[in-house]
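Report on the following structure.
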Amino acid sequence: MHHSSVSRNQPRYPGAILAAAAITASALFVIQYTLAGSDVVTLRYILAALIMGGAALIAGRAAGERALVHPPDPASLVLAGLAALSIWPVAWWLMDLTNTLLEDAVGRLPLPQPVINLPDSLLGLDLQPAAYEIGVVFAVVLIPLAGAWLWWGLALPELVRLLGGRRGIWAAGALAGVFWALSSPQDITPAMPWGLSSLGGYILVGCVAAWSAALARSAWAGFAAQFMFAYASLAWTDDLFHELGRKAHWDLDWLTVNLLGVFVAAVLLQAIRYREAQSPRPVPQTARGPARLALPLAITIAALAIMAALDIDARRNETADPAAASSQPAQQGDEQSQQP
């Protein structure tokens, strides 16, 4: 992020951006959960993009803050995307492991609905033939773009001011992961993962995106990381689980992929740090104030508790009909292989 802008643009109401982000995530969770059993697909994506973008606009203006969209060195954008791609199999391994543990402890989730089988329409237009392509455009480009404006352009610098540099960056990555788990469209495939089992993987990717944006001093680097993770998840997850999905989570092949992914991501982030170190970097003025996080954290924890309760309840209900259930991440990959 551009730290000189952080020091110049002190917020009018510290904490307002984070509170708006927490409220937005909670509202999107309610909307996605309410529409999960419906045939409407495109509307879910449109609502997610509009609400996130609107929240960023309103929060930025209310707090007297400008989004930090300073374009980084183009190579840093590429490096950020490659770092997210390196961590992509690790995130899916973590999500699949979490889902397996939840299956053993509680039960399996119901099968998601394939988008190509849903009679999607909006304002009288039949969108069913293009449902898959519309989902890709929103999940890969439009929603990450709106999310980058809110998280890496506004929330990240706010957290750095409140908590300091390193703690603020880690907190931004973790909260972004929670945001994605709450706001993703539910019960459809192919789609980005949702629910309790997706939380750990999203937090991991969120931390990579947060460090990419912070080291490159631009929200665009965070967007590049989100973009690449979303693209890989929709395009290659079926191939990943075809090769490794039948192996135990502690199998040497999985562990090798994970170790290499973490190592490569760390090297790429250091490369971003080195490239951006060539230009002056003013030290930001931090106004440490963890108390400002009380309201956003309370809202986020409440939303997470509700999501966890609903997730566990759905798994318990599905246990009565185990033949209709399947592991979410592995099943999602299998469904993607059937898409055009």
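Here are the numbers for the structure shown:
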| quantity | calculated |
| --- | --- |
| Residue that is nearest to Ser197 (Cα to Cα), among those in the range 121-132 that are in a helix (DSSP H, G or I) and in contact (Cβ under 8 Å) with a residue 12 or more places away in the chain | Tyr132 |
| Members of the range 305-320 that are of a type in the set (Gly, Ala, Ser) and over 15 Å from Ala181 (Cα atoms) | Ala314, Ala320 |
| Among the residues listed as Ala266, Ala232, the single one being among the aliphatic types (A, V, I, L, M), surrounded by 14 or more Cβ atoms within 10 Å (Cβ to Cβ) and farther than 19 Å from Pro193 by Cα | Ala266 |
| Neighbours by Cβ (under 8 Å, 6+ apart or cross-chain): first from the range 85-98, free of Cβ contacts under 8 Å to residues at least 40 places away in the same chain; second aromatic (Phe, Trp, Tyr) | none |
| The range 72-102 - residue that is of a type in the set (Gly, Ala, Ser) and crowded, with 21+ Cβ neighbours inside 10 Å and, of those, farthest from the chain's Cα centre (by Cα) | Ser76 |
| Qualifying positions in the range 103-120 - in contact (Cβ under 8 Å) with a residue 12 or more places away in the chain and either surrounded by 21 or more Cβ atoms within 10 Å (Cβ to Cβ) or not hydrophobic (A, V, I, L, M, F, W, C) (or both) | Glu103, Gly107, Arg108, Leu109, Pro110, Pro112, Gln113, Pro114, Val115, Pro119, Asp120 |
| Single residue of the range 196-216 satisfying the filter (crowded, with 24+ Cβ neighbours inside 10 Å and out of contact with any Gly (no Cβ under 9 Å at 6 or more places or on another chain)) that is nearest to Tyr132 (Cα to Cα) | Ser197 |
| Tally, over the range 228-262, of residues that are touching a residue at least 60 places away in the same chain (Cβ under 8 Å) and not in a helix (DSSP H, G or I) | 2 |
| Which listed residue is under 18 Å from Met192 (Cβ atoms), β-branched (Val, Ile, Thr) and part of a helix (DSSP H, G or I), from Ile51, Ile23, Ile17 | Ile51 |
| Checking Leu268 against (1) farther than 14 Å from Leu85 by Cβ; (2) modelled with pLDDT of 95 or more, the condition it does not meet | (1) |
| Scope the range 14-54; condition touching a Gly at 6+ places or on another chain (Cβ under 8 Å) and within 24 Å of Leu162 (Cβ to Cβ); matching residues | Pro14, Gly15, Ile17, Met52 |
| Residue satisfying condition, being more than 11 Å from the chain's Cα centre (by Cα) and part of a helix (DSSP H, G or I), within set Ala225, Ala221, Ala181, Ala176 | Ala221 |
| Options Ile46, Ile58, Ile87; residue that is outside any loop (DSSP other than H, G, I, E, B), aliphatic (A, V, I, L, M), more than 24 Å from Ala309 (Cβ to Cβ) and at pLDDT 95 or above | Ile87 |
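The values are calculated or read from the model by the stated rules, or taken from the named source; none is laboratory data. Please read these numbers as outputs of a predicted model, since none were measured by experiment. Quick reminder, even Gly has a Cβ in these numbers, built from the backbone with ideal geometry, and neighbours come from all protein chains shown.
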